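These notes are about the structure you will find just below.
Taken together, the values in this text are just the output of simple stated rules run on the coordinates, not laboratory data. Only a predicted model underlies this, so the values are computations on that prediction, with no experimental measurement involved. Backbone-built Cβ (ideal geometry, glycine too); neighbour counts: all protein chains shown.
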Amino acid sequence: MRRTPLFEIHKSLNAKFTEFGGWEMPVQYSSIVKEHLAVRESVGLFDLSHMGEIDIKGNGAKELVEKLCTNDVNRLVDGQALYTLLCNENGGIVDDILVYRHSENSYTLVVNAGNIEKDFEWFKIQNDTEAEISDDSDNTVLIAIQGPKSLDILNRYVLNHDLSDISFFRFVNNEVAGIPAAISRTGYTGELGFEIYIKAENAIDLWNTLYPDVIEAAGLPVGLGARDTLRLEAGLRLYGMDMNENTTPYDVGLGRFVKFKNRDFIGKSVLYSQKQKVDQKKRLVGFKMLDRSVARCGYTVHKNGNPIGEVTSGAPSPSLNCNIGFALIQNKKVKQIDIDIRGKMHPAEIVKIPFIS
Amino acid sequence: MIPQELKYNESHEWVRQDDDIATIGITDYAQSEIQDIVFVELPDVGTQITHKTEFGVIESVKAAFDLYAPVSGEVIEVNESLLDAPEQVNESPYDEGWFLKIKMTDKNELNVLLDAEAYQEHIEGDNA
């Protein structure tokens, strides 16, 4: 298993580790609930260095990125980021990523840890331009600071820029405590927060700069356990669980990230006909358990005694004090479902996504 | 830290014997690994449970964990307070956080369980 440059720091903080996308990552330091609530109420510090960073630059970079992405990357300006899906010719989702535009012919695509090699190969196969594609993942560390107090803390270490003027999905190249960094107003928690991309050799310095301020603000280091409950409450899908190459953006309720007008991209014709015909077979719904039981990924969903789909993500919600999840079900109007938990049916109510506002 | 008077399953359940009545729970080590317990699913009074066989499930924020019976017998009491306060298992695994009392059918099963010293070695092996 691969380890990030911050592995020894996590160990010294008594983290428990888990395998994720081929990486040995901290799943929790203290308690998932405490870490989760720290991010909602104060601030949390995350090592997300397992994420992949693939650069596409040079002549044709814009055309290649356009071809790969379902969302309208053409409307990006320098210093802007965009959430998009990458689809194959069948409209199946290859990955869900962030695209950062540095300049007209220079982009960084931030991909899921488990998909780095797959995406890199996919980009090379699809490249019919002169653009250069390079995998910078090993040289890049991603540290996220998320929560209402994140802005105050980060601002202390950025001398010549007030970060409050960076809008959502914008980024600047600057220094944090003298460390060159791309500071991005993005995140996977549903809170105010920043994702900071730096060179791997500066990882420990940046972590050690921010960590004391986070603790002083009653914040915590946060592992993948709380990252999962935070993103679930915020209605954010996770690749590999809520979507994969057998689901299209429409199946999983991400159709708003597919843009057809004046552009061409891989999977366009299949996705266009799916959108027109509205013959969607599957639908991703949010649910809330009506009893104390917890539905987990893979459990079968029933309606009137017949299986209609399965749970793709499910967990207790620390902020809502009930058990929630996503299920991929047949595209029918239902208000209530039953979930098979260890052979017994448990009722759940369909609720809107996101679970929290 | 590990109570001397109890016997232990390798799967981290403890049993306290009082004549032919056994009280069952999970160890402090288990609760600290599982963390953030939100729900404990236990059998009803009158259910027969069987040595080394699943009898319930702990749900934490992270995952579901099966519970294995250290001894066989009939459930005579369930800790109902865990329904409203499952966090008692985290806070007090050997006292308020107990799960079941059962009437044992075969006290000899206690002899194959680990004593405190052997259980200590077992969890140290877990961390090695």
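Between the C-alpha center of segment A:245-275 and that of segment A:62-78 there is a gap of 14 Å.
Comparing A:Glu201, A:Glu35, A:Glu63 in a Gaussian network model of chain A, where Cα atoms under 10 Å apart are tied by springs, the biggest mean-square fluctuation is seen for A:Glu201.
The H on the amide N of A:Asp72, modeled in the peptide plane, is under 5 Å from the matching H of A:Lys259, each at least 5 residues off or on a different chain.
Going by a ≥ b ≥ c, the root eigenvalues of the Cα gyration tensor, does segment A:17-119 fall in the rounded group (a/c under 1.5), the prolate group (a/b larger than b/c) or the oblate group? Prolate, since a/c reaches 1.5 and a/b exceeds b/c.
For chain A, the fraction of alpha-carbon pairs lying more than 28 Å apart is 45 percent, rounded to a whole number. The GNM of chain A, with springs linking C-alpha atoms under 10 angstrom apart, assigns the highest mean-square fluctuation among A:Asn139, A:Asn88, A:Asn244 to A:Asn139. Note that segment B:4-11 has calculated 3J(HN,Hα) couplings of 5, 7, 9, 10, 10, 7, 4, 7 Hz, one per residue in order, obtained from phi through the Karplus relation 6.51 cos²θ - 1.76 cosθ + 1.60 (θ = phi - 60°); glycine and proline are x. Per-residue Karplus couplings for segment A:148-161, computed as 6.51 cos²θ - 1.76 cosθ + 1.60 with θ equal to phi - 60°, are listed in order as x, 8, 4, 4, 4, 5, 5, 4, 4, 10, 10, 7, 10, 8 Hz, Gly and Pro entered as x.
For segment A:334-350, the Karplus equation 6.51 cos²θ - 1.76 cosθ + 1.60, evaluated at θ = phi - 60°, returns couplings of 9, 9, 9, 10, 10, 10, 7, 10, 6, x, 10, 7, 10, x, 9, 9, 6 Hz by residue, with Gly and Pro reported as x.
Its DSSP H runs of at least 4 residues, each contributing -39,500 (n - 2.57), put the calculated 222 nm mean residue ellipticity of chain B at -5000 deg cm²/dmol, to the nearest 500. Springs join every pair of Cα atoms under 10 Å in this Gaussian network model of chain A, and among A:Ile166, A:Ile125, A:Ile198 the largest mean-square fluctuation is at A:Ile125.
Below 8 Å between Cα atoms, with a sequence gap of 6+, how large is the relative contact order for chain B in percent? The value is 31 percent. For chain A, the mean residue ellipticity at 222 nm estimated from helices alone is -6000 deg cm²/dmol, where every DSSP H run of n ≥ 4 contributes -39500 (n - 2.57) and the total is divided by all residues, rounded to the nearest 500.
Between the exposed loop cleavage positions of chain B, defined as GluC sites (Glu not before Pro) in a non-H, G, I, E, B DSSP state with at most 11 neighbouring beta-carbon atoms within 10 angstrom, the longest gap is B:6-79.
The amide H of A:Val111, built 1.01 Å from its N in the peptide plane, has A:Gly52, A:Glu53, A:Ile54 as neighbours under 5 Å, considering only residues 5 or more places off or on other chains. Counting neighbouring beta carbons within 10 Å and listing from fewest to most, the residues A:Arg3, A:Arg185, A:Arg342 come out as A:Arg342, A:Arg3, A:Arg185.
DSSP beta bridges fully contained in chain A are about 95 percent antiparallel.
Is segment A:219-343 best put as rounded, prolate or oblate by its Cα gyration tensor, with a ≥ b ≥ c the root eigenvalues, rounded for a/c under 1.5, and otherwise prolate when a/b is larger than b/c, oblate when not?
In terms of gyration-tensor shape, oblate.
Classify segment B:39-128 as rounded, prolate or oblate from the Cα gyration tensor: take a ≥ b ≥ c as the square roots of its eigenvalues, call it rounded if a/c is under 1.5, otherwise prolate when a/b beats b/c and oblate if not. Oblate. Close amide-amide hydrogen proximity is noted between A:Thr247 and A:Ile93, each under 5 Å apart and 5 or more residues distant or on a separate chain (H modeled in the peptide plane; Pro and chain starts excluded).
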